[in-house]
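The values are calculated or read from the model by the stated rules, or taken from the named source; none is laboratory data. Because the structure is predicted, anything quoted here is derived from the model rather than measured. Methodologically, a virtual Cβ is constructed for each residue, glycine included, from the backbone with ideal geometry; neighbour enumeration extends over all protein chains shown.
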Amino acid sequence: MPTTTHVKTASTCRPPETVQGTHVFDILGYSEHRGIGAHYSIRSGVFDVAGYNWVIFFYPDGYGEEAGGFDFVSAYLRLLSNGCGKVRASCDLRLVNPATGVAASVHPSLVAVRELDPDGDGSKVCHCMCISRGELEGTYLRNDRLTMECVVTVRKEPRVSKTRAFPSIRVPGSNLKRQLAGLLESREGADVAFAVAGETFAAHRLVLAMRSPVFKAELCGPMREVGARPIVIEDMQPDVFRAMLYFIYTDSMDHNDDLGRDYHSKNCDMVRHLLVAADRYAIERLKLTCQSILCSNLDMKNVATTLALADQHHCDRLKQACVEFMCCSNNMEAVVDTQGYKDLATTSPSVLADAMLRMSKVGKKLTKRALGDAPNNKSA
C-alpha cells in the first residue's frame, strides 16, 4: 500500500528591532542667518544613529516654494551613508521652549516611517519641519539662540529564524492485508474446514461470519454444523473457493491483483464464477467488484452471456451496463451471431425482449435477423 510522507516545517519572525538616537542642534546668532535666501541652509554636525550617518539641514528663510516670502522656516534630515541599502526611518524634530526647557514636536503629522534609498532612485531626506517664522521666533527664540532636538528612529528588518523541521514519527503503511493472508495460509487457529471437490480448506469461523451473513448463519447460528468433519461445498471449483476465501480475508481478488485491477478476457471466466459464489454467500463487496471487472471487459462476444449472468444473480447495475453496451454497439450482427445470444434467446427470452425494447427507445435499428432470433418479442 503506498504511503504519504508529510514533512512539517516552521520559522519564526521576531518583532523588528528599532534603534533611536537624539541629536541636539544649537543655533547661536540666529538673526545673522536670516534674509540670505530661500536655499541657504545651516548644517548640523554629522551624527550616528543605528550605524548610519545623518545630518540636519536648517533653512532659516524656508526652502523653495514653501518659503512664501520668507514667512516660513524649514528643516530636513538627510541620510549621508552610502552602500547601505534601503533604510526605514522616522524623524521627530522638536523645538526647545526656552521658557520651560521642554522640547515639543513641531509637526507630529510628519513623524512617519519613511523608506530612504541612498543607493537608488528613492529619497535620501526626511522633511521634518515647516513652521511660520512668527511662531518660531515668538516662542522658541531667546537671546538670538534656537535649540532643536532631532529624534531619529531607525526600524531594522525583522529577523526571521532559520527554517526548522518539526519532529515527526513515520508510521509505515498498513500490513493488515498481509497478516490476514498469512493467517489464512498458515491455518493457525483455524476452527472450521471445508471440502471442495476433493480439496480441504481450513478457515476461521469468526472471520467468515464477519464477512458473510450466510456463513454467519451456517457457522454461528442454531443450524450450525458442529464437529471435526469438513463442511462439504457443492457446485464450486476449488480455485473459486480459494479466491473467495482470500477476498474474505484480505479484500483483494487474489495474491497478485489488488482490488479494482482490470482483468483480461482470459480471467473473466474466473470472475463470473466468483460472482456466482459472492451471490451465494452474500459477499456484496466481492459481488460488486466482479460486476465492475465484467463491465470493464464487455465486448460483442460476451455481452449476451454477461447479460444472462447478471439477470440470474440480480446484478442490476451490470444488467443495465450490458443493455447500454448493446444500445451503443455499431455491429449488432456480431452480437447476434454469438452462442451467448442464442442461449439467452432460448433460456431467457423476457430478458432479451426487455433489452430490445430499451434499444428501440434510444433509436437503435435492429436487423431483421436480431428480431427473428428472439421469441415472443415481435411486439417489442
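Structure values in brief
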quantity: Some residue of the range 179-202 being closer than 30 Å to residue 13 by Cβ and under 39 Å from the mean Cα position of the chain (by Cα); calculated: no
quantity: Some residue of the range 27-36 being modelled with pLDDT of 90 or more and β-branched (Val, Ile, Thr); calculated: yes
quantity: Residue, farthest from the chain's Cα centre (by Cα), within the range 264-294, restricted to residues that are assigned to a loop (DSSP other than H, G, I, E, B) and aliphatic (A, V, I, L, M); calculated: 282
quantity: Matching entry among 111, 125 (being at pLDDT 80 or above and among the aliphatic types (A, V, I, L, M)); calculated: 125
quantity: Lone qualifier among 81, 161 - being over 25 Å from residue 43 (Cβ atoms) and among the hydroxyl-bearing types (Ser, Thr, Tyr); calculated: 161
quantity: Meets criteria (hydroxyl-bearing (Ser, Thr, Tyr), under 20 Å from residue 271 (Cα atoms) and at pLDDT 80 or above) for residue 289; calculated: yes
quantity: Residue within the range 97-107 that is of a type in the set (Ser, Thr, Tyr) and at pLDDT below 90 present; calculated: yes
quantity: Filter result (surrounded by 15 or more Cβ atoms within 10 Å (Cβ to Cβ) and out of contact with any Ser or Thr (no Cβ under 6 Å at 6 or more places or on another chain)) within the range 171-190; calculated: 183, 184, 190
quantity: Search result, residues across the range 1-17 that are within 25 Å of the chain's Cα centre (by Cα) and either surrounded by 10 or more Cβ atoms within 10 Å (Cβ to Cβ) or modelled with pLDDT under 85 (or both); calculated: 1, 2, 3, 4, 5, 6, 7, 12
quantity: Residue tally, condition under 18 Å from residue 44 (Cβ atoms), in a strand (DSSP E or B) and among the basic types (Lys, Arg), over the range 87-133; calculated: 1
quantity: Residue that is within 19 Å of residue 251 (Cβ to Cβ) and either surrounded by fewer than 12 Cβ atoms within 10 Å (Cβ to Cβ) or not charged (D, E, K, R) (or both), where the choices are 203, 217, 193; calculated: 203
quantity: Qualifying positions in the range 143-185 - small (Gly, Ala, Ser), in contact (Cβ under 8 Å) with a residue 40 or more places away in the chain and not in a strand (DSSP E or B); calculated: 161, 168, 173, 174, 181
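Conditions tested, residue by residue: (1) closer than 20 Å to residue 19 by Cβ; (2) in contact with a strand residue (DSSP E or B) (Cβ under 8 Å, 6 or more places away or on another chain); (3) surrounded by 17 or more Cβ atoms within 10 Å (Cβ to Cβ); (4) among the aliphatic types (A, V, I, L, M).
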site: 41; (1), (2), (3), (4): no, yes, yes, no
site: 47; (1), (2), (3), (4): yes, yes, yes, no
site: 80; (1), (2), (3), (4): yes, yes, no, yes
site: 101; (1), (2), (3), (4): no, no, no, no
site: 107; (1), (2), (3), (4): no, yes, no, no
site: 118; (1), (2), (3), (4): yes, yes, yes, no
site: 129; (1), (2), (3), (4): no, yes, yes, yes
site: 143; (1), (2), (3), (4): no, no, no, no
site: 152; (1), (2), (3), (4): yes, yes, yes, yes
